[in-house]
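Data first, discussion second: the structure below is written as structure tokens.
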Amino acid sequence: MSRQFIRNILVISKTQVLKPRSCPNFKTQFVTRSMSSVSTAPQRQFQLRVDPLTGNSEWVVIEEEESQQDMFPKPLLATTSYLDMLNDSPRNRAYCDAINKTVTKPCHVLDIGAGTGLLSMMAARAMSSRNETTCSTTKGMVTACESYLPMVKLMRKVLRANGMERKVRIINKRSDEVEVGVDIASRADVLVSEILDSEFLGEGLIPTLQHAHDNLLVENPETVPYRATTYGQLVECTHLWRLHDLVNTEANVSDGINLVPAGFEKSLYVKPQQLAMHCDALKEEMELLSEPFKIFEFDFSKRPDSHGEVEQHIKTTKNGTIHAVVSWWVLQLDREGSIFYSTAPKWISCPSMNRSLFPVARDWCDHWKQCVWFTPEKGLRVCTDEAIHLRAIHTNTSISYEFEPQSCLTEVGYQQCAAGNQKSQITLAPERMAIYGDKNWRCSFLKVLRNVLEKKISPICVVADDSIFLTIATAHLSKTSNVLSFLPGLREQGALYLQDVSVANGYSMDRIIVLNKKSQLSLHDDTHERKVDLLIGEPFYYGGDNMLPWHNLRFWSERTKLNSILSEDVTIMPCKGILRACAMSLPDLWRSRQSLREIVGFDHAVVNATLGACGDLPASEESPFLPFSLWQCGETKSLSESFTVMEFDFMKPMRSCSGSVEMKFTNSGICHGFALWIDWVLDAENSVMIPTGPDQRFWKQGVKLMNKPVEVEKPGSGMDKCCSTIISTFFDPSSGEMELKHIFS
């Protein structure tokens, strides 16, 4: 199986209940299917893989037998956050210390969402240090519950490597499928677990604890963690506002295109949920409008409620506009309250609170971030010392907030728009909302479109991706055009949306056809025997916001399929893609992705290949490309100018491409890898371009970490270190994969 399929896996069943330890820079879904419910029987699961250049998907069988592992490329789990989590030393040490304090005698320990088995081994070791035992008796037993079969297979390897296979018993089931008397002999005395996401509840913590307390644990069990508290802070930040308020950002553009016209303000919207984000990256442009405040407290040793609400009045510390609530959580891992772990941003300083709740700032890591909850529309204007009425609500899987204006609190553009006459609502990623409200981005496309359409009479236009913007813009700018839109991800939902906003944008739906999945095979009929005059795309494919940059070359693949029906003077936009690269110093990202050796005394080297680690790998192995927003990756530094590696000519059918270039370093430092992205050229004159590099916050770059960091210098420094490197790349159109080789000199 090619690596690109794995990066597009819609993963099946994570460690526990609701969602996988997905890499936050890679959108995954759970679609697992298991063929056996008996823990002792051979297991089989189906995993969905998707070809990024076609969008086609297929189910792949994962067998329990080790021989089947070769079906998958080695970095099967590279896009999950397991590696980053295992490289989080403060987390590992905190859990280890708490388990050593909690497991003080032989007992039955249950590890839910066991992953590689690290917490299970900690518990087994803690018991063994007090009373040598195996898992053959009820007392002195560790049960590791893990539902995701590839992780179960990896856990077995880790246990064997550490001589723990007889001390930890694995159950390949979700914990809510485990039964006492069937899967385990008795209820557990101790629960250890780490089924937490950045929001805290998103991995199904509450239903997991409810089932465990009802069915799997003794009364008053010991738990690690023991307690958790969520905190929040009111902030002002223009960047956060742009991520969700398309109504007002579009109003500021005033270019004649109305993606969210009056009466249809909620046609495009960001799902009302907490957004995981490295808020430290925004510290310099963020105004803190309150002190940190406590929101919820969860006690792992007691059965939690499915629903909770808390109301409080938050006192503002300065004048401003509340754009968001930034939240984080603090774990108290032991009963006594001496071991803590916090996901708080580094700026936190609150003398009025117990300083033990705000441990020393941890190293940058990507598996747990802060969360952001957007306030309505433009935000809420506040005065100093204003009491803001905030209601926090938690369900089984999420936390949300509601504001009630108080005294001089003024709503700015606050609109709770009813559905009205709109037939469709489309959920967009925050970055996509910001792009659609970006004046420069819109002007670039409209400038080229306007110039092209002025020269064509009754053109046949095809939108080859999910761009509702280009569909609307084309129909709006040319009253005689006929627009055929693929909308492969939006489909009927996209068609209903285009109908909703048609009047506000001055077109009728009889000039727009949204093609169904198979319509492209009969496209010639839809054009009434005329060939296509204009083929366009952003490119943007719905649901693919977290893919690698070159996976958007699906646009080129679609263009190739349509080659026979393109007119001789067809205009293609974008007409070219330029693959660009930059050498980077990425110490934080490197640390989070580096190869594992021992973790608190347990050898984890066997997981490196599967988790896509970098550094100290065999000569035949290398770390995979992964999508990241570099501005969110902690400490970063460019060591070279950005340079062109190769170009993709969309005026010609898709083909393999290669490029080689010598790159000279412009800064001294440690080179950890390379960032690659595609700049999209819209016009034949190369005068209008859509950049997507590291300085563009709304796009992700492809990051390739090296097997070994290299100290480099700019030419003329006289330090006898590497001054340049030769970069060679190859794009394979059959797989959508990019290969990169480098030689330092």
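For the chain, what relative contact order do you get, as a whole percent, if you take Cα pairs closer than 8 Å and at least 6 residues apart?
13
Pop out the ³J(HN,Hα) list for region 275-284 in order, Karplus 6.51 cos²θ - 1.76 cosθ + 1.60 with θ = phi - 60°, rounded to Hz; leave Gly and Pro as x.
9, 6, 7, 7, 5, 4, 5, 9, 4, 5
Going by accessible area, probe 1.4 Å, with all protein chains left in place, what is the ranking of H307, H108, H742, largest first?
Heavy-atom accessible area, descending, gives H307, H742, H108.
Just add up the charged neighbours of F731: K/R +1, D/E -1, any other residue whose Cβ is under 10 Å from the Cβ of F731.
So the environment of F731 carries a net charge of -2.
How about K173: which lysines have a C-alpha closer than 16 Å to its C-alpha, ignoring those fewer than 8 places off in the same chain?
Here the lysines satisfying the reach criterion relative to K173 are K14, K19, K153.
Give the accessible surface of the chain per residue, rounded to a whole number of Å², with probe radius 1.4 Å and ligands, DNA and RNA excluded.
Counting only protein heavy atoms, the per-residue value for the chain is 38 Å².
I'd like the Kirkwood hydrodynamic radius of region 564-698, using the inverse of the mean 1/r over distinct C-alpha pairs, in Å.
Mean inverse Cα-Cα distance, inverted, gives 17.7 Å.
Cross-link partners among aspartates and glutamates for K283, C-alpha distance below 20 Å, same-chain residues fewer than 8 apart left out?
Of all the aspartates and glutamates, those that pass the test against K283 - Cα under 20 Å, at least 8 places apart if same chain - are E199, E236, E291, D363, D366, E431, D588, E635, D695.
Looking at G163, P221, G204, which one has the Cα that reaches farthest to the positive end of the dipole of region 163-229 (charges on Cβ: Lys, Arg +1; Asp, Glu -1)?
G163
Over the chain, what is the percentage of antiparallel beta bridges among all DSSP beta bridges, to the nearest 5?
75
Carbon and sulfur: what percent of the chain's accessible surface (1.4 Å probe)?
47
Which lysines have a Cα less than 22 Å from the Cα of K423, not counting those fewer than 8 places away in the same chain?
Correct list for K423: K266, K271, K517.
What do you reckon, how do K439, K455 stack up by accessible area (1.4 Å probe), largest on top?
K455, K439
Given the protein chains as shown and a 1.4 Å probe, how many square angstrom of E558 are accessible, to the nearest 10?
10
Between their Cα atoms, which of K455/K479; K157/K741; K439/K531; K294/K318 are more than 23 Å away from each other?
The pairs that break the limit, which is 23 Å between Cα atoms, are K157/K741; K439/K531.
Taking θ as phi - 60°, what are the ³J(HN,Hα) couplings along region 454-464 by the Karplus curve (6.51, -1.76, 1.60), each to the nearest whole Hz, with x for Gly and Pro?
5, 9, 10, 10, 6, x, 8, 10, 10, 9, 8
For T223, what accessible area in Å² do you get when you roll a 1.4 Å probe over the heavy atoms of the protein chains, rounding to the nearest 10?
Its accessible surface works out to 0 Å², give or take rounding.
The values are calculated or read from the model by the stated rules, or taken from the named source; none is laboratory data. Everything numeric in this text was worked out from a predicted model, so none of it was measured. Methodologically, a virtual Cβ is constructed for each residue, glycine included, from the backbone with ideal geometry; neighbour enumeration extends over all protein chains shown. We work out accessible area using only protein heavy atoms, side chains counted, and drop any ligands, DNA or RNA first. Shrake-Rupley method; radii C 1.70, N 1.55, O 1.52, S 1.80 Å.
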